[in-house]
Amino acid sequence: MYELNLPLWGDVTVFIMAAVVIGVSGVKLAEYADRLADRTGLGEAVTGTIMLGLITALPGLAASVTAALQGHAVLALSNAMGGIAFQTTVLALADVLHRKANLEHAAASATTMIQTIMLILLITIVLLGLGSPNVVIGPVHPATLLLLAGAVMAFWLTYRVQEEPMWHPRHTSETVLDEPAPGSQHERLWLLWTGLVFSGLLTLISGSLVAESAGNIQDKTNLSAPIVGGLLMAGATSLPELVTCLAAVRRGALTLAVSDVVGGNFFDVLFIAAADFTFLSGSIYHGPGMGTREILLTTITLLLNVVLLSGLIYRQKHGPGNIGFESLLMLVIYLAGFIVLSLMQ
């Protein structure tokens with residue numbers, strides 16, 4: 001955690017510079033992850049979910065934990081929920097970039113669908129925590145323990161579905177299969193791992209700087225914590241998912257793009273569990289300032305993932321503006337949701 005003692009313009013400068021570093025590192029992360037998926041034979045789904053999803057989630061984890069340590073419970077929770085909302089909407093932007101067909105159609109996967117279902121379960125547990133009595137078991141609220149148990153079950157189910165799928169989505173002419181690039185087996189593994197780890201460390205350091213500067217910006221302005229955490233901080237710490245997802249689509253690694261976002265969201269919801277352990281004033285779900293705005297933000301995030309799941313199941317080939325109906329609906333929900341949140345200050 002950094003202790004910045006800067007004027008407002010200094011905090012804004014640090015915020016912007018850290019966000020730029022996160023964005024640049026994200027481009028390299030997509031490249032290294034795609035090449036590692038081919039070189040190791042793990043495939044884009046596993047690499048995107050576990051490897052890329054975890055690394056791109058590091059800035060958000062640093063941001064939420066830093067905010068919790070500083071006593072900013074609303075910032076910690078809204079950063080996590082706002083990050084998931086932003087990253088889910090990133091798939092709509094990636095759908096615009098992939099012009100051949102709806103992205104959710106082209107990258108159809110049973111693994112992605114079970115991941116989205118499990119994510120909806122975990123977000124529902126967060127809602128239960130926000131609406132339940134203010135009690136703790138040891139240092140944390142019972143909802144945090146449920147989150148951890150739910151995450152273990154989610155990873156196990158995802159692994160089982162990938163290893164022994166009971167059904168497969170039908171392949172069409174627009175389906176893009178996960179196939180290794182020619183010559184990928186000659187890549188040097190140590191160079192790929194070094195690049196991946198170095199890019200991940202840059203995003204982690206920059207994420208903690210974003211959290212520190214965003215908290216200072218909130219203290220020095222009249223912006224509400226849900227807007228700072230759910231929009232400003234979450235948008236900056238989610239830049240790796242945005243950049244890596246769009247970069248993966250441009251590389252033709254569609255499964256990597258979708259699994260990066262969905263897998264990253266898996267880790268993002270666990271930020272709240274980590275923040276609850278580091279929040280020293282009781283339950284983070286009942287910290288100072290928690291109220292209807294945080295419940296609304298969590299509900300918006302839940303709704304976005306329900307819409308995404310419907311698109312993954314329906315698999316529309318083309319929709320309005322050559323994107324799927326779910327992409328258009330997610331963009332509308334995201335923008336309308338934050339307009340309403342800004343009016344609730």
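What follows draws every value from the coordinates through simple rules; no lab data is involved. Just so you know, these numbers come straight off a predicted model, no measurement behind them. Here the Cβ positions follow ideal geometry from the backbone for every residue, glycine too, while neighbour counts run over all protein chains shown.
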R0 of 30 Å, Cβ-Cβ distance Leu6-Val27: FRET efficiency to nearest 0.05: 0.60
Report the local net charge at Leu58: Lys and Arg +1, Asp and Glu -1, summed over other residues whose C-beta lies under 12 Å from its C-beta. -2
At R0 = 22 Å the Cβ-Cβ FRET efficiency linking Ile339 and Ile117, nearest 0.05, sits at 0.15
